[in-house]
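The values are calculated or read from the model by the stated rules, or taken from the named source; none is laboratory data. These figures come from a predicted structure and were not determined experimentally. Cβ coordinates were reconstructed from backbone atoms using ideal geometry, including for glycine residues, and neighbour counts include every protein chain displayed. These accessible areas exclude ligands, DNA and RNA; they are computed on the full protein's heavy atoms, side chains included. Shrake-Rupley method; radii C 1.70, N 1.55, O 1.52, S 1.80 Å.
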Amino acid sequence: MTMLKLDGQWQLTSLMDASIVAPITLPGDVHSALLAADIIPDPYLGCNETKVQWVGEHDWVLEKTFIADADLLSAKAVDLILSMVDTMAEIVLNGETILLCSNMFRHYRRDVRPYLCNGENTLKITLKRADIEAKARAERLPFPVPWAVGNNQIPHMNTLRKTQCHSGWDWGICLLVSGIYDSIRLQPVSEVRLQQVRSTQQWHSDGSCDVTAIISAEQISPDNDAQIECCLVSPDGERMSQSVALTGTEVECCFRMAQPKRWWPAGYGEQPLYTLTVTTDAQTIEKRLGLRELYLETGEDDVGAAMTFVVNDKAIMAKGANWIPLDAMPGKQTPDHYRRLLEDAKAANMNMIRVWGGGMYERDTFYDLCDELGLLVWQDLMFSCALYPSTPDFLRDVEQEITEQVRRLSDHPSLALWCGDNEVIGAINWYPESRSNREKYVVNYDRLSRVLQEVVEREDTSRRFWASSPCNGELDFGDAWHDDNKGDMHFWDVWHSGKSFDAYSSIKPRFCSEFGYQSWPSLPTVKTFASEEEWNVTSPTFEQHQKNSRGNSIITEMFTRYFRFPSDFSQMLYLSQVQQALAIKTASEYWRANKPVCRGILYWQLNDCWPVSSWSSIEYTGRWKQLHYHAKRFFAQQLAVFVDEENTLRLNVINDEHRCLAAKGQVTWYDWHGEVIDTWPIESMLGEDDNQVVWQCDRNVINERKHEGFFHAVVECDGQTFTNMWFDDAYKRLPLPKANIETKVEEVDGRVMVTLSADKPAFFVHPEFDGEGGDTGRFDDSSVTLLPSQPITLEYTGNTSAEQVKAGLTVYHLAASY
Ligand code: BMA
């Protein structure tokens, strides 16, 4: 008896206008179906967002007929299994209502055998308007609970368990999507219903580890004693198996690993995965396990309190970015797209991704890839930037939701932390209602938070619950936007509060889980959503694709502090990406130079869910912004950083690996022709997890020759060379030379190589390929410094020939932007 998938083509009809009929592919969303059927224009183009708002204001019916054969009907039970149902849904099978759904994050499983008939069956799913339900729920609340005004374009989304950014965010289109985003299955059950498999790891002092699989199952035919097959295969293919009889509803299988292979975050070691397979009654659950010990160290210290993830007894420097939903139309969230983005995160030397609380508990694919790539996951529970109800109904629903999600995800080795929400503690200070009655709303907050904590601690004893991001610690309702001595912080003084980039060096965070700076997308990405007449930062299309009301002014105003004003639209786009890279580089490097005080840096944000101006380092098209290339350098396991502090310019060399390495190189002071003013050799032995000052220079010495040149460090370590730069003033005041850059594109052994050479020093040199396949390819490095007579050869990876790259190449650099 095999499981029947009801995925594929269904029929979609509007309940308000029966003439609107289209095929819909499930898993998928209503907007994608209407787009494919040419009923709506592409919401991502021009100002179409406004034109498609009506879609969220209809109720929709999804319908499919399918054949139930004798085999399926011979089962004692046939379970309909559903998840990611968005959101208010009535499920009707052959005229009988079998299920009402109202939480996008829940899992539903119902035996529908009594309603199935031999031959043709009809499954009908009605998706009701979310906006009306949200409003009705808000009206029933005992007191007003402020929603995410300023981010959401549709009110009261906080009353609904649905992705909060579906109604818009400060980088997000408002579509109010609906649909079913996961496979719809009919699972026949004859004897035993295999419900779930979870595992625990018990480490012993001799280095061995016991892996126990805890299998929950329900015997529905009492006549036979069900047998359960449990098998564990090591990364080398070594197989261990056990067969156990099911007594009661839970059974355990324990495997002792004498020499377990440990799983490590990226940059610290390998990611060996064991495969656990449990089978019974033609049902199988398979999981990939990584064996590792992990805890979060938050003990008090001289500074305040630590915030350090420790894996296999080694302190980890968490480096990464915040993750928002992959695509605003969930039907477009494909496995390939997940893989590409997460591989790009790893390629930029990240080892942690924060799944932000205004999106969704991610799909299995996401966590599987994080396990495989060594990306730790900071997992927010799905609450963000609003206050939330604490009514009994709401708490009951959430309790169920969190129970199910923790059970689903806790076996992933990548999962590092359960965090209760995004900025909800902070949000108590944002809204007039809660500001004027703080105690009431703090208690309201705590009622929900306590449920989240209790569920997490009951369901997953191996991980920490962290109430909120940001949060200064247990029951601390202080200002985690500014207190840098304990807990995690969100530092927005630069972007949202308009301070200059030096504000990043005014704090020494223990763990900065959010800080960001926006840029505009590159010209090739702009071309995908704006026609040429709209290529202007104040055009209607450009303003529609900027969701932070002051965003474009902030970017433009900041230009005036650091740069000479760019000469045209394409240079504005380019410069905005230099500026963004500089902001995040300044912060990340300074904080890394403060290790071990700082143990985590996650910038806002990795990705975009539609083409938009935003804080992302990767554009919606997949193109790397300059920031992502810089991240690859400033997140590398070894790094050299200039720090200008206390009248001294110094060079810190940082090693995050837990092994000693020799570092060698030099610091050179160049003039604007590339001639050496002075040079100093550096040589040092780096210890494990080290941070050393390897060179320093009195600032007065530099001040005497102000504006005469720039500092350049080159360090070689373990066969890798890394460089860095330092300038003694804002770029706009420096006499940057107008370098000429020569470009040679050639094919070498089937690889496309681009050699850049300059006659004078050139900074933020950024080649951009605009042509067919340009969105899927990239350079192996960019936004680099070019010194005269030191050409740099970059590889362009992608399905593009050297000829094509040559034809579509533009090389930007800072002095050519004005
Ligand atoms: C944060 C996030 C998001 C937001 C971002 C940019 O604090 O949590 O809510 O998109 O800032 O404003």
Response to the item:
The strands (runs of 3 or more DSSP E) lying wholly within the stretch 1-117 that contain at least 1 residues that are farther than 20 Å from Glu133 by Cβ, of a type in the set (Val, Ile, Thr) and within 33 Å of the chain's Cα centre (by Cα) are 21-26, 77-83
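Every residue, every condition in (1) buried (at least 17 other Cβ atoms within 10 Å of the Cβ); (2) under 18 Å from Trp672 (Cα atoms), yes or no:
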position	(1), (2)
Phe727	no, yes
Thr743	no, no
Ser757	yes, yes
Pro761	yes, yes
Phe769	yes, no
Gly773	no, no
Asp781	no, no
Leu787	yes, yes
Worksheet item: Where in the stretch 352-445 are the helices (runs of 4 or more DSSP H), entirely inside, with at least 3 residues that are more than 16 Å from the ligand (Cβ to nearest atom)?
Response: 364-373, 392-409, 432-435
Worksheet item: Going by the conditions given, is Ala345 within 16 Å of the chain's Cα centre (by Cα) and within 16 Å of the ligand (Cβ to nearest atom)?
Response: no
Discussion item. For the structure I just gave you, tell me whether Val653 is closer than 27 Å to Asp488 by Cα, in contact with a strand residue (DSSP E or B) (Cβ under 8 Å, 6 or more places away or on another chain) and more than 16 Å from the ligand (Cβ to nearest atom).
Written reply: yes
Worksheet entry | Qualifying positions in the stretch 554-581 - under 13 Å from Asn536 (Cα atoms) and part of a helix (DSSP H, G or I) | Thr556, Phe569, Ser570, Gln571, Met572, Leu573
Practice prompt. Filter the stretch 713-734 down to the residues that are part of a strand (DSSP E or B) and out of contact with any Lys or Arg (no Cβ under 9 Å at 6 or more places or on another chain), then identify the one that is farthest from Glu646 (Cα to Cα).
Written response: Gln720
Fill in: Where a residue in the stretch 372-393 is within 18 Å of Asn429 (Cβ to Cβ) and its partner, wherever it lies, is within 14 Å of the ligand (Cβ to nearest atom) and of a type in the set (S, T, N, Q), with Cβ under 6 Å and at least six apart
Ser384/Gln164; Ser384/Asn422; Cys385/Asn151; Ala386/Asn158; Tyr388/Asn158
Worksheet item: Does at least one position in the stretch 221-241 carry a residue that is part of a loop (DSSP other than H, G, I, E, B), at pLDDT 95 or above and surrounded by 15 or more Cβ atoms within 10 Å (Cβ to Cβ)?
Response: yes
Worksheet, complete the sentence: Tyr295 meets each of (1) assigned to a strand (DSSP E or B); (2) under 23 Å from Gly237 (Cα atoms) with one exception, condition (2)
Discussion item. Exactly one of these conditions fails for Thr275: (1) crowded, with 20+ Cβ neighbours inside 10 Å; (2) assigned by TED's automatic domain parsing to the domain that holds Gly237; (3) in contact with a Lys or Arg (Cβ under 6 Å, 6 or more places away or on another chain). Give me its number.
Written reply: (1)
Response to the item:
Residues in the stretch 125-140 that are more than 17 Å from Val177 (Cβ to Cβ) and either open to solvent by 30 Å² or more (accessible area, probe 1.4 Å) or at pLDDT below 95 (or both) total 5
Item to complete: For the stretch 485-506, name all the residues that are buried (at least 18 other Cβ atoms within 10 Å of the Cβ), part of a loop (DSSP other than H, G, I, E, B) and more than 16 Å from the ligand (Cβ to nearest atom).
Response: Lys486
Fill in: Within the stretch 507-526, tally of residues that are within 14 Å of the ligand (Cβ to nearest atom) and either under 25 Å from Tyr812 (Cβ atoms) or crowded, with 24+ Cβ neighbours inside 10 Å (or both)
7
Discussion item. Give me the residue from the stretch 639-653 that is in contact (Cβ under 8 Å) with a residue 24 or more places away in the chain and of a type in the set (Asp, Glu) and, out of that set, least open to solvent (accessible area, probe 1.4 Å).
Written reply: Glu645
Worksheet item: Failed condition for Phe710, given (1) over 30 Å from Ile682 (Cα atoms); (2) open to solvent by less than 30 Å² (accessible area, probe 1.4 Å); (3) outside any loop (DSSP other than H, G, I, E, B), with all others met?
Response: (1)
Practice prompt. Could you look through the stretch 596-609, keep only residues that are away from the ligand (no atom under 14 Å from the Cβ) and open to solvent by less than 10 Å² (accessible area, probe 1.4 Å), and pick out the one that is nearest to the chain's Cα centre (by Cα)?
Written response: Ile601
Practice prompt. Of the conditions (1) part of a loop (DSSP other than H, G, I, E, B); (2) within 14 Å of the ligand (Cβ to nearest atom); (3) of a type outside the set (S, T, N, Q), Phe529 clears all except one; give me its number.
Written response: (2)
Worksheet entry | Selection status of Leu175, over 21 Å from Trp10 (Cα atoms), away from the ligand (no atom under 16 Å from the Cβ), of a type in the set (A, V, I, L, M) and open to solvent by 10 Å² or more (accessible area, probe 1.4 Å) | no
